[in-house]
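K.L.:
My questions all concern the structure below.
The values are calculated or read from the model by the stated rules, or taken from the named source; none is laboratory data. Note that the structure is predicted; figures quoted are calculated from it, not measured. Cβ placement follows ideal geometry from the backbone for every residue including glycine, while neighbour counts extend to all protein chains displayed.
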Amino acid sequence: MKRLTLLLFSAVLTFAQPDPKQDQSDARQRVRAVRAMASQGQDAIPKIVPYIRDADTSVRLEAVKALDDLGGPKTVDGLVEATRDNDPEIQIRAADGLVNVYLPGYLKTGVSGTLKRAGDSIRAKFTDTNDQIIDAYVEVPLPVIQALGRQARGGVSFEVRANAARALGILRGQAAVPDLLEALNSKDNRLMYESLVALQKIRDPAAGPGLAFLLRDLDEKVRIAALQATGILRNQKAAPEVREAIDHPLTSKTQREALEALAMIADPADRGVFLRYLNDKDDGLRAGAAEGLARLKNPGDRIVLDKVFESERSSNARVSEAFALVSLGSRQMSEFSPLQYLLNNLNVKAYRSTAIAFLTELARDYEVRQAIYPILTHATRDEKTGISIVLARSGDRDSEPYLEALLKDSDPEVMQEGTRSLRTLRTRVR
């Protein structure tokens with residue numbers, strides 16, 4: 001009897017033990033089910049979302065991939081939920097999928113396309129090109145920003161956190177600024193760098209003091225990003241540290257970036273610094289000096305700037321000197337005028353983004369806009385699209401008719417940019 005009881009107990013245990021092969025087979029079936037549903041399009045999204053909670057990682061991963069591929073607003077709730085997963089690949093793919101909803105096409109350039117998995121760990125390749133950002137009229141729901149903020153602060157790996165920081169910058173996630181500032185304390189160079197770039201894009205001046213400690217960081221890339229952020233956020237209290245970075249630079253590159261940061265802070269007390277570097281042998285320092293004088297707007301500096309602009313041989317410095325002269329009142333349009341030189345550089349790939357940035361700053365002035373408008377009737381494609389971007393960022397109601405005219409342009413690229421820019425402008429001024 002005792003032997004029979006033991007045999008029966010053994011049989012019960014054997015029956016109760018899960019069969020790993022059976023579980024694996026069931027998981028593969030659920031993966032196939034998710035793929036089949038994904039082929040049905042947007043209507044299948046509500047059916048796919050429950051698989052985000054599956055016990056098997058491979059199933060959850062397939063569900064997130066499916067939502068990423070389907071895209072669109074209907075996937076947002078599911079992807080927000082997936083950001084809380086404990087698997088790093090799922091967290092990264094969920095974050096990239098959310099960005100893709102508001103910046104279509106992002107999945108082709110995002111980090112998730114570079115993932116390599118080894119067991120439970122993943123490796124991601126981050127490119128140094130990080131200039132993507134949504135248009136000002138695109139609204140991102142708060143829960144999306146909060147989900148990415150949680151990842152930036154406490155994702156399951158540094159790759160996850162750095163990727164979330166990048167996503168927050170692209171989505172202008174101002175509500176997550178505290179999370180990004182917390183990420184700066186991580187001591188991970190990639191995470192600190194991505195968080196600094198995100199803060200540059202978000203442009204919340206209140207974040208300036210929270211990153212000042214990185215102005216002395218020993219990593220060149222991190223220090224440069226901190227200097228750039230300090231300038232963009234106009235953190236005047238950090239000016240002493242920026243001056244220290246100029247006088248005792250980590251490298252020649254950090255010295256140039258420090259002078260440019262000081263130029264953006266634009267403290268009249270630094271006029272002597274800018275005049276001293278205006279004739280430096282380094283064209284990057286000459287450029288930074290000219291930008292500083294541009295923002296101080298001291299009429300007495302126009303004579304010396306006229307001289308250096310005429311004799312300048314470096315395009316890098318000459319663009320900045322042209323910016324300074326227009327800022328100080330040179331608004332005429334002629335073949336060799338500073339304003340025309342800036343507009344010409346909209347056609348030069350190497351300096352297009354710089355010219356757009358300078359013209360954006362200058363176009364806040366009504367007189368500068370009035371000088372630019374006539375150019376649109378005979379401008380090149382690159383000039384039209386560049387001016388369109390400038391007016392979107394800095395124009396006013398007087399800019400609307402000129403952007404509306406671009407909607408009838410014969411060039412589809414000009415029409416497309418004109419449409420985006422007009423929408424951005426109207427979001428800003430109304």
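K.L.:
Consider region 373-396. How many of its residues are more than 20 Å from Val138 (Cα to Cα) and more than 22 Å from the chain's Cα centre (by Cα)?
P.N.:
12
K.L.:
Follow-up. Mind listing whichever residues of region 276-315 are surrounded by fewer than 17 Cβ atoms within 10 Å (Cβ to Cβ) and either within 16 Å of Arg243 (Cα to Cα) or aromatic (Phe, Trp, Tyr) (or both)?
P.N.:
Arg276
K.L.:
Same structure again: Applying the selection to region 372-395, what residues are polar (S, T, N, Q) and surrounded by fewer than 19 Cβ atoms within 10 Å (Cβ to Cβ)? Let's see the steps before the verdict.
P.N.:
Within region 372-395, the first condition is being polar (S, T, N, Q), and the residues that meet it are 377, 380, 385, 388, 394.
Selection gives Thr377, Thr380.
K.L.:
Moving on to the next point. How about region 163-246: which helices (runs of 4 or more DSSP H) wholly inside it have at least 2 residues that are more than 30 Å from Thr83 (Cα to Cα)? Give the steps one after another, and end with the answer.
P.N.:
Details: elements: 177-183, 189-202, 208-211, 220-232.
Ranges flagged: 220-232.
K.L.:
If you take the residues in region 126-152 that are more than 15 Å from the chain's Cα centre (by Cα) and of a type in the set (D, E, K, R), which one is nearest to Glu194 (Cα to Cα)?
P.N.:
Looking at the filtered set, the residue picked out is Arg150.
K.L.:
Hey, another quick one. Of the residues Asp411, Asp398, which is exposed (fewer than 15 other Cβ atoms within 10 Å of the Cβ) and in contact with a helix residue (DSSP H, G or I) (Cβ under 6 Å, 6 or more places away or on another chain)? Break it down into steps so the answer makes sense when it comes.
P.N.:
Numbers: Asp398 fails: in contact with a helix residue (DSSP H, G or I) (Cβ under 6 Å, 6 or more places away or on another chain).
Going through Asp411, Asp398 in turn, just one is exposed (fewer than 15 other Cβ atoms within 10 Å of the Cβ) and in contact with a helix residue (DSSP H, G or I) (Cβ under 6 Å, 6 or more places away or on another chain): Asp411.
K.L.:
Mind telling me which of the residues Val138, Val101, Val111 ends up being buried (at least 17 other Cβ atoms within 10 Å of the Cβ) and under 19 Å from Gly72 (Cβ atoms)? Walk me through it before giving the result.
P.N.:
On the way: Val138 fails: buried (at least 17 other Cβ atoms within 10 Å of the Cβ); Val111 fails: under 19 Å from Gly72 (Cβ atoms).
Residue meeting the stated conditions: Val101.
K.L.:
Could you tell me whether any residue of region 229-236 is over 24 Å from the mean Cα position of the chain (by Cα) and surrounded by fewer than 19 Cβ atoms within 10 Å (Cβ to Cβ)? Step through it out loud before you land on a result.
P.N.:
As a first pass, look at region 229-236 and keep what is over 24 Å from the mean Cα position of the chain (by Cα): none.
Checking region 229-236: not a single residue is over 24 Å from the mean Cα position of the chain (by Cα) and surrounded by fewer than 19 Cβ atoms within 10 Å (Cβ to Cβ).
Residues are listed down the side, and each one gets a yes or a no for (1) in contact with a Phe, Trp or Tyr (Cβ under 8 Å, 6 or more places away or on another chain); (2) aliphatic (A, V, I, L, M); (3) over 20 Å from Leu115 (Cβ atoms):
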| site | (1), (2), (3) |
| --- | --- |
| Ser186 | yes, no, yes |
| Arg190 | yes, no, no |
| Tyr193 | no, no, no |
| Ala207 | no, yes, yes |
| Asp217 | no, no, yes |
| Glu220 | no, no, yes |
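K.L.:
Related question: Check Arg117, Arg53, Arg123, Arg84 and return the single one that is touching a Lys or Arg at 6+ places or on another chain (Cβ under 9 Å), surrounded by fewer than 15 Cβ atoms within 10 Å (Cβ to Cβ) and closer than 18 Å to Ala176 by Cα. If you could, list the steps in order and put the result at the bottom.
P.N.:
Values: Arg117 fails: closer than 18 Å to Ala176 by Cα; Arg53 fails: closer than 18 Å to Ala176 by Cα; Arg123 fails: closer than 18 Å to Ala176 by Cα.
Of Arg117, Arg53, Arg123, Arg84, the one residue that is touching a Lys or Arg at 6+ places or on another chain (Cβ under 9 Å), surrounded by fewer than 15 Cβ atoms within 10 Å (Cβ to Cβ) and closer than 18 Å to Ala176 by Cα is Arg84.
K.L.:
For a quick check of your reading of the model, give me the residue pairs whose first member lies in region 173-194 and is closer than 17 Å to Ser157 by Cβ, whose second is of a type in the set (A, V, I, L, M, F, W, C) and part of a loop (DSSP other than H, G, I, E, B), with beta-carbon atoms closer than 7 Å and at least 6 apart or on different chains.
P.N.:
Arg190/Phe126
K.L.:
Can I ask one more? Can you find a residue that is over 21 Å from Leu406 (Cβ atoms) and touching a Leu at 6+ places or on another chain (Cβ under 6 Å) anywhere in region 339-357?
P.N.:
No, that holds for no residue.
K.L.:
Could you check region 249-351 for helices (runs of 4 or more DSSP H) lying wholly inside it with 1 or more residues that are under 29 Å from Lys384 (Cα atoms) and in contact with a helix residue (DSSP H, G or I) (Cβ under 6 Å, 6 or more places away or on another chain)?
P.N.:
Details: elements: 252-265, 271-277, 283-296, 302-311, 315-327, 338-344.
Ranges flagged: 252-265, 283-296, 302-311, 315-327, 338-344.
K.L.:
Might you let me know whether region 332-340 holds any residue that is free of Cβ contacts under 8 Å to residues at least 60 places away in the same chain, of a type in the set (D, E, K, R) and buried (at least 16 other Cβ atoms within 10 Å of the Cβ)?
P.N.:
Scanning region 332-340, I find no residue that is free of Cβ contacts under 8 Å to residues at least 60 places away in the same chain, of a type in the set (D, E, K, R) and buried (at least 16 other Cβ atoms within 10 Å of the Cβ), so the answer is no.
K.L.:
Next question. List the residue pairs whose Cβ atoms are under 7 Å apart, where the first residue sits in region 83-98 and is outside any helix (DSSP H, G or I), the second is among the β-branched types (Val, Ile, Thr) and surrounded by fewer than 24 Cβ atoms within 10 Å (Cβ to Cβ), and the two are 6 or more positions apart or on different chains.
P.N.:
As it stands, the answer is Asn86/Val156; Asp87/Thr57, since those pairs meet every condition given.
K.L.:
Here is a further query. Is there any pair linking a residue in region 151-163 that is under 13 Å from Ser186 (Cα atoms) and crowded, with 24+ Cβ neighbours inside 10 Å to one that is of a type in the set (Asp, Glu) and modelled with pLDDT of 95 or more, with Cβ under 7 Å and at least six apart or on different chains, and which?
P.N.:
Listed by first residue and then by second, the contacts come to Ala152/Asp179; Ala162/Glu194.
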